[in-house]
C-alpha cells in the first residue's frame with residue numbers, strides 16, 4: 001500500500017512524462033492463475049507442480065525459491081500471496097480432487113525468505129479458525145480468519161516480536177485494504193437490501209476502531225485500496241475507478257471503466273478492458289492527470305501488483321514488468337516469453353460455401369514488427385487430423401480475415417452433418433513465430449455448416 005492524495009497535488013508532483021525507452025521486460029513464463037506480489041527488487045510468483053507449491057522470487061540475480069510447501073497425497077495446493085519490501089504473507093490452501101477446501105495454513109517471513117507457519121494447519125472439517133485472507137504493509141500482516149463451520153469471522157494483526165492483536169470490525173465486514181495505521185472495509189448503505197454490493201466505504205484505525213471517513217458509493221463497490229494518509233481507490237461494481245480524499249473530503253472520478261485499481265506510489269494502476277472481448281490493457285493515472293495506456297495489450301491480464309517504482313503483471317503466459325513512467329508498447333522486449341499474441345474472434349456457427357472456404361477472423365493483439373506471422377489450421381474437434389491450413393501475416397493491433405479451404409474429405413463430412421441440421425465442430429489452431437523464433441499457440445473451437 002502506498003501514500004498520497006492526488007487531488008491536491010500540483011503538476012510538479014506528477015509522474016515523469018513517459019520515457020522513450022524499452023518495452024516491458026519479460027521476467028518468466030507464468031500460468032494465468034499464478035499469484036503475484038512485489039517484495040522490494042523482486043517479483044514473487046506462486047508455482048504449482050503436482051503436490052508442491054513454490055514461491056519464487058524473480059530478481060536482478062535471476063530466479064530464487066523463497067519457500068516450498070507440499071500438501072498431502074491426493075490433494076492439490078493453491079495460494080494467496082501478499083508482500084512488501086520487508087515481509088511476505090502466504091496462505092496455502094489444500095483442495096481435494098473435487099476442488100473442495102480441505103485445509104488452510106498461514107505462513108510468513110522476511111522478503112528474502114524463509115517462510116515459517118504463523119499457526120497450525122486448520123482443517124475445514126472442524127471448528128478451528130481457517131485463515132482465508134492476508135494483507136501485508138511494511139513488516140505488519142493482517143489476517144482474516146473464518147470458523148470452519150462458517151460461524152464467525154475475526155481479524156488480527158501480526159507484528160514482529162508481539163502477540164497477534166485482535167482487530168474489531170462490524171459484523172459481516174472484512175478488511176479489504178491495509179496501510180500504516182489504517183484499514184478499509186465496506187458496508188451496505190441505509191435501506192440497502194442484503195445481497196447487493198456494498199455502497200459505503202469506511203476507512204478506520206485498526207488499533208482503536210476509530211472511523212476516519214465514511215464515503216457513499218452509489219454505484220456499488222467491487223474492490224478497494226487504501227493509503228497510509230487515508231486516501232483510497234474504489235473499483236465500482238460493473239467498472240469504474242474513483243479516488244477518495246483523506247477524511248472523505250472529496251471524491252474524484254478517474255475513469256468510467258476499469259477494474260481492480262491499486263496505488264502505485266501516488267498514481268493509480270487498474271485493468272481496462274476494450275470494447276471487444278479479448279482486449280485487456282493496464283492503465284495508469286498520475287496525480288491530477290488523465291489516465292493513459294500502460295504496458296502491452298493482452299487477451300487476458302491476470303494478477304498485477306504495483307509499488308512506487310514499477311508494475312508487474314501476468315499476461316499471455318508471462319510475468320511482465322515495467323517502470324511507472326514507461327510508455328505503452330506494442331510488445332515486450334526479447335526474453336523468455338513469446339512476443340506475439342493472437343486472438344480468434346469466433347463468429348459462432350458459420351455457413352460456408354460448397355467449395356469449403358472457411359473465413360476466420362484473426363486479431364493480432366500484440367507483436368513486435370512485422371506483426372503476428374504464422375500458420376492457422378482447421379482440425380477435427382478431437383484435434384487429430386488437419387483439415388486445411390493457411391499462412392497469415394497480421395500487423396499488431398489489426399485483425400484480418402484469413403481463409404482456410406477444407407480438403408475434399410472434410411467437406412464431405414461437414415455436408416453430411418449439415419444435412420442432419422448439425423454444425424460441424426472444428427478446432428482452430430494458430431501458431432505464431434516471433435522475430436526471436438519463439439512460438440505461441442492459440443487453440444479454440446469453431447462450428448460450421450455447408451448448405
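Values computed for the structure shown
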| item | result |
| --- | --- |
| Distance between the stretch 362-422 and the stretch 158-223 - C-alpha centres, whole angstrom | 51 Å |
| Helix-only CD estimate at 222 nm, as mean residue ellipticity for the chain, using -39500 (n - 2.57) per DSSP H run (n ≥ 4) | -1000 deg cm²/dmol |
| Distance histogram in 10 Å bins (all Cα pairs of the stretch 153-213, percent per bin) | 21, 50, 23, 5, 1 |
| Viscosity 0.692 mPa s, temperature 37 °C, Stokes-Einstein D of the stretch 191-319 from Kirkwood C-alpha radius, µm²/s | 213 µm²/s |
| Zone of residue 361's modelled label, taken as backbone nitrogen in the stretch 388-402 under 19 Å from a point 7 Å along Cα→Cβ | 392-402 |
| For the chain: span of alpha carbons on each principal axis (Å, largest first) | 76, 56, 54 |
| Fully extended contour minus Cα-Cα distance, from residue 112 to residue 401, at 0.36 nm per residue | 99.1 nm |
| Footprinting exposure proxy for 171, 35, 159 (fewest neighbouring C-beta atoms within 10 Å first) | 171, 159, 35 |
| Gain in span if fully extended, residue 172 to residue 75, counting 0.36 nm per residue against the direct Cα distance | 31.9 nm |
| Cβ-derived FRET efficiency at R0 30 Å, residue 52 paired with residue 439, nearest 0.05 | 0.60 |
| Protection proxy ranking, peptides 243-253, 228-238, 184-194, 160-170, average beta carbon neighbours within 10 Å, highest first | 228-238, 243-253, 184-194, 160-170 |
| Sites residue 210 and residue 64 - FRET efficiency at Förster radius 35 Å, r taken between beta-carbons, to 0.05 | 0.25 |
| √(5λ) per eigenvalue of the Cα gyration tensor, the stretch 34-146, largest first, Å | 24, 17, 10 |
| C-alpha long axis of helix 408-419 to longest principal axis of the chain, angle in ° | 70 degrees |
| The stretch 341-450 - Rg over Rh from alpha carbon coordinates, Kirkwood radius | 1.00 |
| Stretch gain in nm, segment residue 149-residue 97, where the contour uses 0.36 nm per residue and the Cα spacing is subtracted | 16.6 nm |
| Distance between modelled label sites at residue 415 and residue 33, nm, 7 Å Cα→Cβ extension | 4.5 nm |
| Principal axes of the stretch 311-398: Cα extent on each, largest first, Å | 54, 25, 22 |
| The chain: relative contact order as a whole-number percent, Cα under 8 Å and 6+ apart | 13 percent |
| The stretch 35-97: proportion of alpha-carbon pairs further apart than 17 angstrom, % | 37 percent |
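Since every read-out is calculated from the coordinates, none of them should be taken as a lab result. In this text, all values refer to a predicted model and were calculated from it rather than measured experimentally. Reconstructed Cβ throughout: ideal geometry from the backbone, glycine too, with neighbour counts over all protein chains shown.
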